[in-house]
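To start, the structure itself, in structure tokens.
Bear in mind that the values in this text are calculations on the coordinates, not laboratory data. The structure presented is a predicted model; accordingly, all values stated were derived computationally and were not measured. Counting neighbours? That spans all protein chains shown, and the Cβs are built from the backbone with ideal geometry, glycine included.
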Amino acid sequence: MEKMGQVHRFLGLSVGLIQSGMSEEERRKAYACDVVYVTNSELGFDYLRDHLALSPAQTVLLSAGDVKGAGEFEGFCVVDEADSVLIDEARTPLIISKQVPAPSDKYSVAKTLADALQPNVHYEVDEKNKNVVLNERGYRDCERALGIDSLFAVGPDGSAWAPYVTNAAKAKELFTK
């Protein structure tokens, strides 16, 4: 890369290099160069992260002023060993994930609530479709027991109570030994 970088710089082109462990700002500066050396996986992950960003300021491939939508790119790409990248490595998906703490207390509270709820009083059981649907009284009684306004309101942990209570009622009614 360094020898070709010298040639590019001699021709008046700026050269950037993307490596794992770089900060967003370093990546943004490197992608702003005329020529960027980057592995296909680093580029792929940057593309995915850009499309998960909540604002253009959080992107690295497209600066806030360049956002035209849907990942448009007005440049060229030279792919070294294209057969490897497009065929062999295409079999390996790029997945972005992170650890999310399990709200274990919600599971136990939801189970306690579900145990107190009664079929045909608080919810209806649809055995054919393997589903349980809370009715108005079920929602109201659960909200009162939890001291909240709505089972669908997202709490500080980023989740609502409705799926926990519904799944606990499903487990109670449909997944018994």
For region 103-166, state which chymotrypsin sites (Phe, Trp or Tyr not before Pro) are in a DSSP loop and have at most 13 other beta carbons lying within 10 Å of their beta carbon. 152
Once the chain is represented by equal point scatterers at the alpha-carbon sites, with solvent omitted, what log10 I(q)/I(0) does the Debye formula produce at q = 0.15, 0.20 Å⁻¹? -0.88, -1.28
Please return the longest stretch of the chain lacking exposed loop sites, where GluC sites (Glu not before Pro) count only if DSSP places them in a loop and at most 14 other Cβ atoms lie within 10 Å. 1-71
With the cut-off at 27 Å, tell me which of the pairs 3/29; 98/172; 3/98 have Cα atoms farther apart than that. 98/172; 3/98
Please identify, among 138, 16, 44, the residue showing maximal mean-square fluctuation in a Gaussian network model of the chain using a 10 angstrom Cα cutoff. 138
Anisotropy class of region 104-174 from Cα gyration tensor, a/c 1.5 cut: prolate
Loop trypsin sites (Lys or Arg not before Pro), region 79-165, which have at most 14 other Cβ atoms in a 10 Å radius of their Cβ (DSSP): 98, 128, 130
Near the amide H of residue 17, under 5 Å away, which other amide H atoms are found, from residues 5 or more places off or on another chain, if H is placed in the peptide plane? 37
